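Participant: Quick one: the structure is below, and I'll ask about it shortly.
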Amino acid sequence: MIEYKKARLKDIASMQILVRPEIENGVILPRSDDEIATNIRSYTLAFDDDRLIGYSALHIHAANLAEVRSLIVDGSYRGKGVGSGLVNALLAQARELEIAQVFTLTYRSEFFKNLGFEEISKEKLPAQKIWADCIKCKHFPVCNEIALIHNL
Ligand SMILES: CC(C)(COP(=O)(O)OP(=O)(O)OC[C@H]1O[C@@H](n2cnc3c(N)ncnc32)[C@H](O)[C@@H]1OP(=O)(O)O)[C@@H](O)C(=O)NCCC(=O)NCCS
C-alpha cells in the first residue's frame, strides 16, 4: 500500500539515491544533504511499505507564494498516480497554510496542467528563485523549463 509521509532526517540517504539519475539527466537540481536537512520539513515522501518510491518539496518563498520542487518518482512506479498523489498532498499543505499561489518550473507541463496548474511567463517568477536555484543549474540561462502556477 502506498503511503505519503513527512520526511525524517534518516530518509536523506535514500532520497539522494532515488534522485541521482534525474540529477545526471539535468531534470532535477542537486541539493546537498545539509540543504535537504535544513528544509526537511518541506518534504513529503511516498512509500510502498518501507521502500521510498518518490518525494517532492513544498518550498515557501513568501507569505503568499510557495513552490513545488524536486518532484521524483522511482522509474518502476511511474504512471500509477504516485506523482499526482505527492503534488496533491503538497497542495493540501499549502491550503492548510492559506498560501494563495503555488508555482513550479518543469519539463512536464501537461502533468501539472492535469493537476490544475496554468502556464505563466517565467518573468513572473520571484527573483529569489532565479538567483538561489536557476543560477546553479547546468541549463542556466538558456532553459526550456515551463513555469506554471496554481491559484488556491
Ligand atoms: C514527473 C513524475 C514525477 C510523474 O510521476 P508519476 O508517478 O508517473 O505521475 P502520475 O502517475 O501521477 O501521472 C503520470 C501520468 O500517468 C497518468 N496516471 C495517473 N494516475 C494513473 C493511474 N492510476 N493509472 C494509470 N495512469 C495514471 C496521469 O494522467 C499522468 O499522465 P500525464 O503524464 O499525461 O500527465 C515522474 O515521471 C518522474 O519522476 N519523472 C522524472 C523527474 C521529473 O521529471 N520530475 C518533474 C520535474 S518538476
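Quick note: the coordinates plus some simple rules give every number you see, no bench work behind them. Owing to the predicted nature of the structure, the values given are computational and were not obtained by experimental measurement. Here Cβ is always computed from backbone atoms with ideal geometry, including for glycine, and neighbour counts include all displayed protein chains.
Participant: Would you be able to tell me the number of residues in the range 102-127 that are away from the ligand (no atom under 12 Å from the Cβ) and either without any contact (Cβ under 8 Å) to a residue 12 or more places away in the chain or crowded, with 18+ Cβ neighbours inside 10 Å (or both)?
Facilitator: So the answer is 4.
Participant: Considering each of GLY54, GLY83 in turn, give the residue that is farther than 16 Å from LEU148 by Cβ, in contact with a Leu (Cβ under 9 Å, 6 or more places away or on another chain), surrounded by 21 or more Cβ atoms within 10 Å (Cβ to Cβ) and not charged (D, E, K, R).
Facilitator: Residue meeting the stated conditions: GLY54.
Participant: Collect the residues in the range 78-101 that are near the ligand (Cβ under 6 Å from one of its atoms) and either within 11 Å of the chain's Cα centre (by Cα) or assigned to a helix (DSSP H, G or I) (or both), keeping them in residue-number order.
Facilitator: Within the range 78-101, VAL82, GLY83, SER84 qualify.
Participant: Please go through the range 128-152 and pick out each residue that is part of a strand (DSSP E or B) and either surrounded by fewer than 12 Cβ atoms within 10 Å (Cβ to Cβ) or of a type in the set (Lys, Arg) (or both). So that I can check it myself, show each step before the final result.
Facilitator: Going through the range 128-152, the residues part of a strand (DSSP E or B) turn out to be 146-151.
Hit for the range 128-152 is ASN151, nothing else.
Participant: Quick check: is even one residue across the range 9-17 among the β-branched types (Val, Ile, Thr), farther than 17 Å from PHE111 by Cβ, touching an Asp or Glu at 6+ places or on another chain (Cβ under 8 Å) and surrounded by 14 or more Cβ atoms within 10 Å (Cβ to Cβ)? Outline the logic, then answer.
Facilitator: Step one: filter the range 9-17 for residues among the β-branched types (Val, Ile, Thr), giving 12, 17.
Those still in the list that are farther than 17 Å from PHE111 by Cβ too: 12, 17.
Right, trim to touching an Asp or Glu at 6+ places or on another chain (Cβ under 8 Å) and you get 12.
Cutting the leftovers down to surrounded by 14 or more Cβ atoms within 10 Å (Cβ to Cβ) gives us 12.
Yes; the residues of the range 9-17 include at least one that is among the β-branched types (Val, Ile, Thr), farther than 17 Å from PHE111 by Cβ, touching an Asp or Glu at 6+ places or on another chain (Cβ under 8 Å) and surrounded by 14 or more Cβ atoms within 10 Å (Cβ to Cβ).
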